[in-house]
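Colleague: Have a look at this one before I ask anything.
The values are calculated or read from the model by the stated rules, or taken from the named source; none is laboratory data. In this text the structure is predicted, and so the values were computed from the model without any measurement. We place every Cβ from the backbone using ideal geometry, glycine too, and count neighbours over all the protein chains shown. Heavy atoms of the whole protein, side chains included, go into the accessibility calculation; ligands, DNA and RNA do not. Shrake-Rupley method; radii C 1.70, N 1.55, O 1.52, S 1.80 Å.
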Amino acid sequence: MRISPHLCFDGQCREAIQMYQRILGGAIDTMLTYCESPMASSTDSRWHDRIAHATLVLDQIELTGVDMTPGSYHRPQGFFVTVSVDGVARAQDIFKSLGQGGAIHVPFEKTFWSPGFGVLVDRFHIPWEINANDG
């Protein structure tokens, strides 16, 4: 079994996935527009440049995304994308980078379970928990 977060955006999927790649690494495997998809003929032409499906591959995890069609986007709630990495410095760099233009909910700091942990919502409205592993 494999679980992959599928993130919904309001027209910023390409920009978000490219930013996540710059910050987290990995490789963009898919960046399919509505125009390039089988849905092209049934999608308003103003949406043809928006993303029907994107995939960022990070080791064994896929982070996927989509630009929702008009009227169907809702800001994400009820979950966090949790990133755990080795090293406080790397975790703090990820936290700072994802937090630019977003909102910090729990500042990055030492906790009883981690040498560094923080919670934020990025500028694309995606909620993140960043956790530094011991070691």
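Colleague: Using a 1.4 angstrom probe on the protein heavy atoms only, line up Trp47, Trp128 by accessible area, largest first.
Modeller: Greatest to least solvent exposure: Trp47, Trp128.
Colleague: I would also like to ask the following. Magnitude of the Cβ-charge dipole of the chain, K/R +1 and D/E -1, about the Cα centre, nearest 20 debye?
Modeller: Around 200 debye, computed over the chain.
Colleague: Something else: If N is the number of residues in the chain, what value comes out of its Cα radius of gyration divided by 2.2 N^0.38 Å?
Modeller: Compactness ratio reported: 1.13.
Colleague: Right, here's the next one. Taking the Cα centre of region 7-84 as the origin and placing charges on Cβ (Lys, Arg +1; Asp, Glu -1), which of Tyr73, Gln18, Leu32 is farthest toward the positive end of the dipole?
Modeller: The residue sitting most towards the positive pole is Tyr73.
Colleague: On average, how much accessible surface per residue is there in region 1-73, in Å², for a 1.4 Å probe, leaving out ligands, DNA and RNA?
Modeller: 57 Å²
Colleague: Tell me the volume per residue, in Å³, of the convex hull enclosing the alpha carbons of region 83-135.
Modeller: 57 Å³
Colleague: What distance in nm separates the two pseudo spin-label positions at Arg22 and Asp93, each 7 Å out from Cα along the beta-carbon direction?
Modeller: With each label point 7 Å from Cα toward Cβ, the separation is 1.5 nm.
Colleague: Grab the other residues whose beta carbon is less than 14 angstrom from that of Thr111, score K and R as +1, D and E as -1, and report the net.
Modeller: So the environment of Thr111 carries a net charge of -2.
Colleague: Let me ask you something else. Roughly how many Å² of Asp49 are accessible to a 1.4 Å probe, to the nearest 10?
Modeller: For Asp49, solvent-accessible area is about 120 Å².
Colleague: Given contacts defined as C-alpha pairs under 8 Å and at least six residues apart, what's the relative contact order of region 1-132, whole-number percent?
Modeller: Across region 1-132, relative contact order equals 23 percent.
Colleague: Using just the alpha carbons, could you tell me how many Å³ per residue the convex hull of region 54-104 encloses?
Modeller: Spread over its residues, the Cα hull of region 54-104 gives 124 Å³ apiece.
Colleague: Can you list residues whose amide H is under 5 Å from Gly102's amide H, if they're 5+ apart or on another chain and H is modeled 1.01 Å from N?
Modeller: Amide H neighbours of Gly102: Arg123.
Colleague: Taking the chain as a Gaussian network, where each spring joins two C-alpha atoms under 10 Å apart, which residue of Gln18, Gln60, Gln92 fluctuates the most?
Modeller: Sorting by GNM fluctuation, first place goes to Gln60.
Colleague: Moving on. In whole Hz, with x marking every Gly and Pro, tabulate ³J(HN,Hα) for region 119-131 from phi via Karplus 6.51 cos²θ - 1.76 cosθ + 1.60, θ = phi - 60°.
Modeller: Ordered by residue, 3J(HN,Hα) equals 10, 8, 10, 6, 5, 9, 6, 8, x, 10, 10, 10, 10 Hz.
Colleague: So for the pair Ile104, Leu58, with labels modelled 7 Å out along Cα→Cβ, what separation do we get in nm?
Modeller: 2.0 nm
Colleague: Could you grab the Rg to Rh ratio for region 1-47? Cα atoms only, Kirkwood for Rh. Could the numbers behind the result be given before it?
Modeller: Values: Rg = 13.0 Å, Rh = 12.6 Å.
Rg/Rh: 1.03.
Colleague: Based on the Cβ-Cβ distance of Arg123 and Ser42, what FRET efficiency does E = 1/(1 + (r/R0)^6) give at R0 = 35 Å, to the nearest 0.05?
Modeller: 0.70
Colleague: Averaging sequence separations of C-alpha pairs under 8 Å and six or more residues apart, then dividing by the length of region 78-133, give the relative contact order as a whole percent.
Modeller: Relative contact order for region 78-133 comes out at 44 percent.
Colleague: 7 Å from Cα along Cα→Cβ at both Val81 and Asn133: what's the point-to-point distance in nm?
Modeller: Distance between the two pseudo-spin positions: 1.9 nm.
Colleague: Given a 1.4 Å probe and heavy atoms of the protein chains only, how would you sort Arg46, Arg22, largest accessible area at the top?
Modeller: Arg46, Arg22
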